[in-house]
Amino acid sequence: MAEEIGSIDAVQAMLAGQNYVCGRALGTVAFLALRLGRPLFLEGEPGTGKTEIARALASGLGRRLIRLQCYEGLDAASAVCEWNFAAQMIAIRTAEAAGAADRSALEAELFDERFLIERPLLQAMRPQAGGPPVLLIDELDRTDEPFEAFLLEALGDFQVTVPELGTIRAAEPPIVILTSNRTREVHDALKRRCLYHWVDYPDFVRELEILQARAPEAAETLSREIVAFVQKLRAEDLFKKPGVAETIDWAKCLLALDVIALSPDVIADTIGALLKYQDDIQRLEGSEARRLLDAVRDELATA
């Protein structure tokens with residue numbers, strides 16, 4: 001990995017080539033994860049670009065991206081592999097119709113890898129064209145503690161065990177990125193296996209760079225208004241603050257409507273691209289949107 005990415009600047013440049021604007025701190029921890037072969041644990045609010053960095057790394061390195069989307073109740077079997085029971089039943093009936101009598105041979109055939117449905121963790125342990133894949137374990141905080149314990153073992157040795165086949169070990173460890181929205185605390189033992197970085201909301205300059213990279217067709221004046229308004233909105237007492245992903249979505253909505261400048265009416269019509277809870281949307285009704293927009297324009301005028 002080190003020979004491909006020789007410096008922090010090279011990591012930042014590679015990510016920038018994938019339209020991912022990366023600060024020095026995140027670029028450093030990403031470089032170290034690649035250089036040392038350590039999993040990278042990214043924690044932060046939803047919509048701050050945690051998942052996107054895995055896509056950008058995979059694309060920039062020319063590697064396959066394998067994503068394990070976590071959810072409550074996820075277990076090892078669902079994350080590693082499952083047997084194709086329908087295909088196994090067909091094989092049994094075919095063997096019975098052919099008069100096959102050797103039960104042990106049939107059992108061995110039924111648990112052959114051709115009947116195996118590989119899930120993300122097992123896929124990531126397999127050799128891949130172009131080199132080890134990027135394994136994204138997304139929203140780990142949604143899972144339960146037993147799955148964390150299993151994951152601790154799997155990432156410790158980069159191997160998984162399939163009872164019928166034995167232990168499968170990665171010839172080359174995948175590039176592992178774990179994300180968490182911090183809806184609950186992830187166990188310290190798992191965090192200690194990883195390099196850690198908190199992905200915060202970007203400042204005005206960084207978010208403007210991100211928006212210009214992801215929505216370059218937007219005029220600079222409109223982009224500055226959009227970013228300044230979102231930054232101002234995050235300072236309000238909201239149930240769910242808009243992330244960078246919402247900033248980009250909102251800009252694209254405004255472009256689709258041929259908007260050239262923000263107005264209270266435009267904000268009211270498109271606020272659903274920014275805010276996802278009715279209580280938050282109601283806070284911007286009436287004169288509140290105008291107040292925020294006036295404050296934004298005053299700040300931009302004096303900047």
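Checked against the criterion of being within 11 Å of L68 (Cβ to Cβ) and either touching a residue at least 12 places away in the same chain (Cβ under 8 Å) or β-branched (V, I, T) (or both), region 107-117 has no qualifying residue.
Per the conditions (1) among the small types (G, A, S); (2) open to solvent by 40 Å² or more (accessible area, probe 1.4 Å); (3) out of contact with any Gly (no Cβ under 6 Å at 6 or more places or on another chain), the sole criterion not satisfied by S223 is (2). Looking at region 160-179, is at least one residue open to solvent by 40 Å² or more (accessible area, probe 1.4 Å), in contact with a strand residue (DSSP E or B) (Cβ under 7 Å, 6 or more places away or on another chain) and of a type outside the set (V, I, T)? Yes, that holds for at least one residue. Scan region 63-96 residue by residue and report those that are within 30 Å of Q18 (Cα to Cα) and assigned to a loop (DSSP other than H, G, I, E, B). Once the filter is applied, which keeps residues that are within 30 Å of Q18 (Cα to Cα) and assigned to a loop (DSSP other than H, G, I, E, B), region 63-96 yields R63, R64, C70, Y71.
Just for region 10-60: of the residues that are free of Cβ contacts under 8 Å to residues at least 24 places away in the same chain and open to solvent by less than 20 Å² (accessible area, probe 1.4 Å), which one is nearest to V199 (Cα to Cα)?
Start the filter on region 10-60 by keeping residues that are free of Cβ contacts under 8 Å to residues at least 24 places away in the same chain, which leaves 10-13, 24, 27-28.
Filter again for open to solvent by less than 20 Å² (accessible area, probe 1.4 Å), leaving 11, 27.
On the way: V11: 17, G27: 12 Å.
Result: G27.
In region 268-290, of all residues being crowded, with 17+ Cβ neighbours inside 10 Å and within 26 Å of the chain's Cα centre (by Cα), the one that is farthest from A215 (Cα to Cα) corresponds to D280.
Taking strands (runs of 3 or more DSSP E) that do not extend beyond region 144-249, which have at least 3 residues that are more than 20 Å from the chain's Cα centre (by Cα) and touching a residue at least 12 places away in the same chain (Cβ under 8 Å)?
159-162
With the structure loaded, tell me whether L116 is open to solvent by less than 90 Å² (accessible area, probe 1.4 Å), at pLDDT 80 or above and in contact with a strand residue (DSSP E or B) (Cβ under 9 Å, 6 or more places away or on another chain) or whether it fails that test. Spelling it out, L116 is indeed open to solvent by less than 90 Å² (accessible area, probe 1.4 Å), at pLDDT 80 or above and in contact with a strand residue (DSSP E or B) (Cβ under 9 Å, 6 or more places away or on another chain). Taking the residues in region 250-267 that are open to solvent by 70 Å² or more (accessible area, probe 1.4 Å) and of a type outside the set (V, I, T) as candidates, determine which candidate is nearest to the chain's Cα centre (by Cα). Ranking the qualifying residues of region 250-267, first place goes to K252.
Report every pair of residues separated by at least 6 positions or lying on different chains whose Cβ atoms are under 7 Å apart, first residue within region 252-265 and part of a helix (DSSP H, G or I), second of a type in the set (S, T, Y). The qualifying pairs are C253/T270; L254/T270.
The values are calculated or read from the model by the stated rules, or taken from the named source; none is laboratory data. All values derive from a computational prediction rather than experimental measurement. Here Cβ is always computed from backbone atoms with ideal geometry, including for glycine, and neighbour counts include all displayed protein chains. To get the accessible areas, we keep the full protein, side chains included, count just its heavy atoms, and leave off ligands, DNA and RNA. Shrake-Rupley method; radii C 1.70, N 1.55, O 1.52, S 1.80 Å.
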